[in-house]
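Participant: Mind looking over this structure? Questions follow.
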Amino acid sequence: MKALVWNRPGKPESLETTELPVPAAGPGEIGVKVIAAGLNPVDYKLALNGHPAWVYPFVPGVDVAGEVVEIGDGVTKWQIGDRVVYHGDFTKPGG
């Protein structure tokens with residue numbers, strides 16, 4: 001997948017575009033094809049010093065809109081093709 005990433009802590013100007021493997025949905029998770037993602041102030045403020053839970057390259061973007069393309073074990077609320085919006089967890093890769 002094409003992704004906008006930080007390869008180390010830094011300012012928004014240090015973001016780079018790269019190719020990364022598509023992450024698999026784990027138990028209790030859904031996989032989302034991102035249609036739109038937002039970088040808001042919390043993304044770039046955290047990025048200045050990084051976060052102890054981040055693994056680089058790190059994909060920012062806690063605000064995401066997209067379509068469900070994968071269902072993890074135990075997920076019953078969502079179906080493939082559902083459109084979703086979400087605000088992610090700051091410690092995990094974003095959209």
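The values are calculated or read from the model by the stated rules, or taken from the named source; none is laboratory data. Just so it is clear, the structure is predicted and the values come from calculations on it, not from any experiment. Cβ: placed from backbone, ideal geometry, glycine included. Neighbour counts: every protein chain shown. Heavy atoms of the whole protein, side chains included, go into the accessibility calculation; ligands, DNA and RNA do not. Shrake-Rupley method; radii C 1.70, N 1.55, O 1.52, S 1.80 Å.
Participant: Taking the dipole about the Cα centre of the chain, with the C-beta of Lys and Arg at +1 and of Asp and Glu at -1, give me whichever of Y56, L20, V84 is farthest to the positive side.
Facilitator: Comparing the listed Cα positions along the dipole, Y56 ranks first.
Participant: Whenever you get a sec, compute what percent of the accessible area on region 1-75 sits on carbon and sulfur atoms (1.4 Å probe).
Facilitator: Solvent-exposed carbon and sulfur of region 1-75 make up 57 percent of the total.
Participant: For region 14-61, what is the accessible area per residue in Å², given a 1.4 Å probe and the full set of protein chains?
Facilitator: 62 Å²
Participant: Sequence gap at least 6, Cα distance under 8 Å: using those rules, report the relative contact order of the chain to the nearest whole percent.
Facilitator: Computed over the chain, the figure is 32 percent.
Participant: In what order, largest first, do T76, T17 sit by accessible area if the probe radius is 1.4 Å?
Facilitator: Heavy-atom accessible area, descending, gives T76, T17.
Participant: For I35, what accessible area in Å² do you get when you roll a 1.4 Å probe over the heavy atoms of the protein chains, rounding to the nearest 10?
Facilitator: 120 Å²
Participant: Same structure again: Would you calculate a helix-derived [θ] at 222 nm for the chain, using -39,500 (n - 2.57) for each DSSP H run of n ≥ 4 and dividing by the full residue count, to the nearest 500?
Facilitator: Helix contribution divided over all residues of the chain: -2500 deg cm²/dmol.
Participant: For D89, what accessible surface area do you get with a 1.4 Å probe? Give it in Å², rounded to 10.
Facilitator: Using a 1.4 Å probe on the heavy atoms, I get roughly 70 Å².
Participant: Still on this structure, I have one more. How large is the charge dipole for region 6-95, taken about the Cα centre, if only the Cβ atoms of Lys, Arg (+1) and Asp, Glu (-1) carry charge, to the nearest 20 debye?
Facilitator: It works out to roughly 220 debye.
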